[in-house]
1. Among the residues of segment 1-41, which ones are more than 20 Å from Ile113 (Cα to Cα), of a type in the set (S, T, N, Q) and in a helix (DSSP H, G or I)?
2. When residues of segment 188-241 are filtered for being closer than 24 Å to Arg144 by Cβ and among the polar types (S, T, N, Q), how many remain?
3. Which members of segment 270-329 meet the condition of being at pLDDT 90 or above, part of a loop (DSSP other than H, G, I, E, B) and under 19 Å from Arg213 (Cα atoms)?
4. Scan Lys187, Lys191, Lys203, Lys167 and give me the residue that is of a type outside the set (S, T, N, Q) and at pLDDT below 95.
5. For Asn207, are the conditions met, namely being touching a Lys or Arg at 6+ places or on another chain (Cβ under 6 Å) and open to solvent by less than 30 Å² (accessible area, probe 1.4 Å)?
6. Please determine, by comparing only the residues of segment 332-364 that are farther than 12 Å from Gly311 by Cβ and outside any loop (DSSP other than H, G, I, E, B), which one is least open to solvent (accessible area, probe 1.4 Å).
7. Please identify the pairs in which a residue from segment 58-76 that is free of Cβ contacts under 8 Å to residues at least 40 places away in the same chain has its Cβ atom under 7 Å from the Cβ atom of a residue that is open to solvent by 60 Å² or more (accessible area, probe 1.4 Å) and not in a helix (DSSP H, G or I), counting only partners at least 6 apart or on another chain.
8. Open to solvent by less than 10 Å² (accessible area, probe 1.4 Å) and of a type in the set (Asp, Glu): which single residue out of Asp221, Asp241 fits that description?
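The values are calculated or read from the model by the stated rules, or taken from the named source; none is laboratory data. Note that the structure is predicted; figures quoted are calculated from it, not measured. Every residue, glycine among them, receives a Cβ derived from its backbone with ideal geometry; neighbour counts consider all protein chains shown. In case anyone asks, the SASA skips ligands and DNA or RNA and just uses the protein heavy atoms, side chains included. Shrake-Rupley method; radii C 1.70, N 1.55, O 1.52, S 1.80 Å.
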Amino acid sequence: MKIAIAGTGYVGLSNAILLAQNNLVYAVDILREKVDKINNKISPISDREIEEYLKSKQLNLVATTDMDEAYSGADYVIVSTPTNYDDEKSFFDTRSVEQAIEAVLKVNDTATIVIKSTVPVGYTEEIVKKFNYRNIIFSPEFLREGRALYDNLYPSRIIVGVDLSDKSVVARAEEFANLLAEGALKKDVKKLLVSRTEAEAVKLFANTYLALRVAYFNELDTYCQLKGLNTRNIIEGIGLDARIGSHYNNPSFGYGGYCLPKDTKQLKANYKGVPEDIISAIISSNETRKDFIAEQVCNLLKNGHSNRVVGVYRLTMKANSDNFRQSAIQGIISRLLSKNVEIIVYEPTFESQSFMGCRVVNDLKAFKELSQLIIANRFEEALADVGEKLFTRDIYFRD
């Protein structure tokens, strides 16, 4: 098979490597720097398995900026371009998806186009009609930042959305699902074919449920902080119930990243005309949590750190990630700045000398010395020697 992939972020590159084990794959990106890195077996993103596979595996993978070369003659074209949420329009910005589809159809009118970008519920059906091209399917991704390839190698499920009444397109959808399963290390992966719109809904509802869990345990932690209770003991006691489990239960400064903020907002927008309370509450709870964390930091400043420097350790959402898009700690920074708190930032993946008007200090020793209070969304061993001035809600940081 010849397979082309538009976009080399977490979704695109992890799928490219997965499929390049058994197929010829062209990975398309507009940035020459990223293309050159991939062709030189260097990952442009932070992901342990992607780095390992590029370096050590035999992959039939070509990265290119030439869309015509990539799309011409391809059996499948996967669209994995970014779809950021537009707060003004209450809608994903899907222009990059449509531009990719237009580029494909200019040189290839037989390829099966697989949308893997996150889109609004009902979007793929609209695109099929807009382009008058029935050979378009939707296949959602369920990937963690920093472990995207691992999650493709050991998928929880493979879901493909298709027009179930079109036998020809169903056959291509089944073949695509099998291609993904063929590259996986996990055997007997559950494969599910549903309508395109149902597949889109699965993606948004799944991520919104994960946001719900984050918000729930954050509100539990807020309660424990104000009532003088041990958050970890309570969460461990709750998690022993098999119906609840121990995943997504570590308190944080709030949910953020590529998916959860925009997917929850898009799902809420899709609820227009449909009664709901929970979806809106998840979104507002995340803002309330950031308000509370900022207030706690200010209280610490009043109780001994007045007019001192607050050091923000890492902008990224979690350890072993280079993504800090919409990270919750940015919300904390903006709240603290509004209260005239002096802030410095340690973020080794960030090359600029300032961020949000704050000085970036990427000499870790100097950062620790300059900071009278350090706040960190997630604990890392590099902070083990400054525990007495560290503020984090990571309940496992003492392990």
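1. Within segment 1-41, Asn39 is the sole residue that qualifies.
2. 4
3. Glu276, Asp277
4. Unique residue meeting the criteria: Lys187.
5. Here the answer is no, as Asn207 does not meet what is asked.
6. Taking the candidates together, the pick is Ile332.
7. What qualifies is Thr65/Ile30.
8. Selected residue: Asp221, the only one of Asp221, Asp241 that is open to solvent by less than 10 Å² (accessible area, probe 1.4 Å) and of a type in the set (Asp, Glu).
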